[in-house]
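Only one structure is covered here, and it is reproduced in the block below.
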Amino acid sequence: MSDPTSGPPDGVPPPGSVPPPPPPPGPWASDDLPRHPTAGRTPVGVPQPPSIRAAVQLMYVGAVLSLLGLLTVPFQTDAVRDAIEDSDSSLTAGEVDDAVNIAVGSIVLVGLVGVALWVWMAVKNGQGRSWARVVATVLGGLNILSTLSGLLQGGTTPLSLALNLASLALAGAILWLLYRPESTRFYELCSR
């Protein structure tokens, strides 16, 4: 006969207790993950795989590089002025000044849009939005073509050249990470 004060044998829950729930399935093993009601299409409990985390971090690095590129704009006004004067020698000094101001303002505006696009793509790809991977692919491809075109034209400062080469490497690495098998699975799980 067993001793009533010793309790139930190991592994047997005491009478009247509720057994603990089973552990949740792994994020890549289940196709029926619960969804958070306010999280749109992102399933609750689907962590980012390392490739997505790395791609998102590199997108934020891209935003910082774009900001750094904007800081070089004041140092390029002489090059912009020379290019404008070379393209049309009939311009007066005031017209050249106006054209330089418009060109520099346009460069800054495009640069700020670029920063916003980097951040937007980081957020949306981090959430597993499939459309964001497509948009990031298009933007990355355009970035690569634009950078290569700028490098072939020459006339860039050493700092601008370094930023362009970093941007080129960054775009290639991000695209590679976004299309890793675990990234593709992440997008699939988040789009259900």
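Condition first: farther than 18 Å from S160 by Cα, out of contact with any Gly (no Cβ under 7 Å at 6 or more places or on another chain), open to solvent by less than 60 Å² (accessible area, probe 1.4 Å) and modelled with pLDDT of 90 or more. Can you find one or more residues in the stretch 63-73 that meet it? Talk me through it step by step, then tell me what you get.
We begin by selecting, within the stretch 63-73, every residue farther than 18 Å from S160 by Cα; these are none.
No, the stretch 63-73 has no match at all.
Can you give me the number of residues within the stretch 89-126 that are farther than 23 Å from S167 by Cα and either in contact (Cβ under 8 Å) with a residue 24 or more places away in the chain or open to solvent by less than 60 Å² (accessible area, probe 1.4 Å) (or both)? If you could, list the steps in order and put the result at the bottom.
From the stretch 89-126, those farther than 23 Å from S167 by Cα are 89-102; that's our starting set.
Now restrict to residues that are either in contact (Cβ under 8 Å) with a residue 24 or more places away in the chain or open to solvent by less than 60 Å² (accessible area, probe 1.4 Å) (or both): 91, 94, 96, 99-100.
The qualifying residues number 5.
Identify, by number, the condition in (1) surrounded by 14 or more Cβ atoms within 10 Å (Cβ to Cβ); (2) farther than 17 Å from G114 by Cβ; (3) among the polar types (S, T, N, Q) that S167 doesn't meet.
Result: S167 fails condition (2) only.
Cβ contacts < 7 Å: first residue more than 14 Å from Q48 (Cβ to Cβ), restricted to the stretch 165-192; second residue of a type in the set (S, T, Y) and open to solvent by less than 20 Å² (accessible area, probe 1.4 Å), any location; separation 6+ or different chain. Result?
S167/T147; L168/T147
Within the set of pairs 6 or more residues apart or between chains, which connect a residue that is at pLDDT 70 or above inside the stretch 35-58 to a residue that is open to solvent by 50 Å² or more (accessible area, probe 1.4 Å) and acidic (D, E) with Cβ atoms less than 6 Å apart?
P49/E182; S51/E182
Answer yes if at least one residue in the stretch 137-146 is more than 21 Å from V110 (Cβ to Cβ), modelled with pLDDT of 90 or more and either open to solvent by 40 Å² or more (accessible area, probe 1.4 Å) or of a type in the set (G, A, S) (or both), and no otherwise.
Going through the stretch 137-146, the residues more than 21 Å from V110 (Cβ to Cβ) turn out to be none.
Taking every residue of the stretch 137-146 in turn, none turns out to be more than 21 Å from V110 (Cβ to Cβ), modelled with pLDDT of 90 or more and either open to solvent by 40 Å² or more (accessible area, probe 1.4 Å) or of a type in the set (G, A, S) (or both).
I'd like the full set of residues that are more than 16 Å from L175 (Cβ to Cβ), out of contact with any Ser or Thr (no Cβ under 9 Å at 6 or more places or on another chain) and among the small types (G, A, S), limited to the stretch 127-159.
S149, G154, G155
The values are calculated or read from the model by the stated rules, or taken from the named source; none is laboratory data. If you're wondering where the values come from, they're calculated on a predicted model, not measured in any experiment. Cβ sites come from the backbone with ideal geometry, for glycine too, and all protein chains shown count toward neighbours. Accessible surface areas use protein heavy atoms only, side chains included; no ligands, DNA or RNA. Shrake-Rupley method; radii C 1.70, N 1.55, O 1.52, S 1.80 Å.
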